[in-house]
Amino acid sequence: MKVLAWFIALIGSGLLIGHLASRFVSHSNANEAAPLSAAAQTTNAASAQAPASSQYKVGDRLAQTAAPAPAKSPYRQILWDALMPADWDPMLPFKGLKLDTMQDGDPRAQQALWKAKKYWNKAPTNPKIDNVAVKIPGFVVSLEREGDALTEFLVVPYYGGCIHVPPPPLNQIIHVHSNKPIEGIRTMDAVWISGTLKIGTTETMMGVAGYNMLAQNVELYTEAPDAPPVQTQ
């Protein structure tokens, strides 16, 4: 796994900001994306790999000015930041580290990655959005299928999470079941999901989710011409 590729995803997800962005993004141009995790390689190949023609890059997030919910919709459109308590700092394991001076082989970078994964798997959820009917966009990480139809999956806020780079924090992963099998959705497809969000930890082979949802609606993400995805460069 490329540690710097993971940091690039953090930049795109809004978790790592500031002058480090330009350094890590420029480094990424000279390196390929990290390979699939061991867990991803054991998943059905047709569902585990991101589409080769994807318009997104590792770390990209989706604009939320597109496809607003109708005025009478029972679902409230929320931002991913709403899933984290306001006083929780996802970057605490990196405090005091000069990440822009580190390379993949630096033991301090490896140790920081290990600490972050441990810290993120115990991330607190936000009780204010428990049992709230919401609509939110994100990227699919397939878990279970009936034939080619998707029945169980994770949704993450940035492209590549759980696949090309390690999972985001527990409070940035939603474990989704669908009322009926969903045709035409692959891993890392961008979607809108609508349903009642509930707090509950679920450990899967692709990551630990802090929320779950029985999706009432899953639709491919569409964006308005003036609402491009957030880019890492």
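The values are calculated or read from the model by the stated rules, or taken from the named source; none is laboratory data. As the structure is a prediction and not an experimental result, all values here were calculated from the model. Backbone-built Cβ (ideal geometry, glycine too); neighbour counts: all protein chains shown. Accessible surface is based on the protein model in full, side chains and every heavy atom, while ligands, DNA and RNA are left aside. Shrake-Rupley method; radii C 1.70, N 1.55, O 1.52, S 1.80 Å.
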Check Met188: other-chain or 5+ apart residues with amide H under 5 Å from its amide H, H built from backbone geometry?
Val140, Val141, Ser142
Using each residue's phi in the range 169-174, evaluate 6.51 cos²θ - 1.76 cosθ + 1.60 at θ = phi - 60° and report the 3J(HN,Hα) Karplus result to the nearest Hz, with x for Gly and Pro.
x, 3, 7, 10, 10, 10
Using a 1.4 angstrom probe with every protein chain in place, what is the largest-first accessible-area order of Thr201, Thr196?
Thr201, Thr196
The ³J(HN,Hα) series, computed from each phi in the range 108-118 with the Karplus coefficients 6.51, -1.76 and 1.60 at θ = phi - 60°, rounded to the nearest Hz and given as x for glycine or proline, is 5, 5, 5, 5, 5, 4, 4, 5, 5, 4, 5
Sort the following peptides by mean Cβ neighbour count (other Cβ atoms within 10 Å, averaged over residues), highest first: 161-174, 206-219, 109-122, 83-96.
161-174, 206-219, 109-122, 83-96
Assuming a ≥ b ≥ c are the square roots of the Cα gyration tensor eigenvalues, decide whether the range 123-233 counts as rounded (a/c under 1.5), prolate (otherwise, with a/b larger than b/c) or oblate.
rounded
Too long for a 31 Å Cα-Cα cut-off, among Lys57/Lys118; Lys98/Lys118; Lys128/Lys180; Lys118/Lys198; Lys98/Lys198; Lys98/Lys135, are Lys98/Lys198; Lys98/Lys135
Around Lys95, under 14 Å between beta carbons, what's the net of Lys plus Arg minus Asp minus Glu among the other residues?
+2
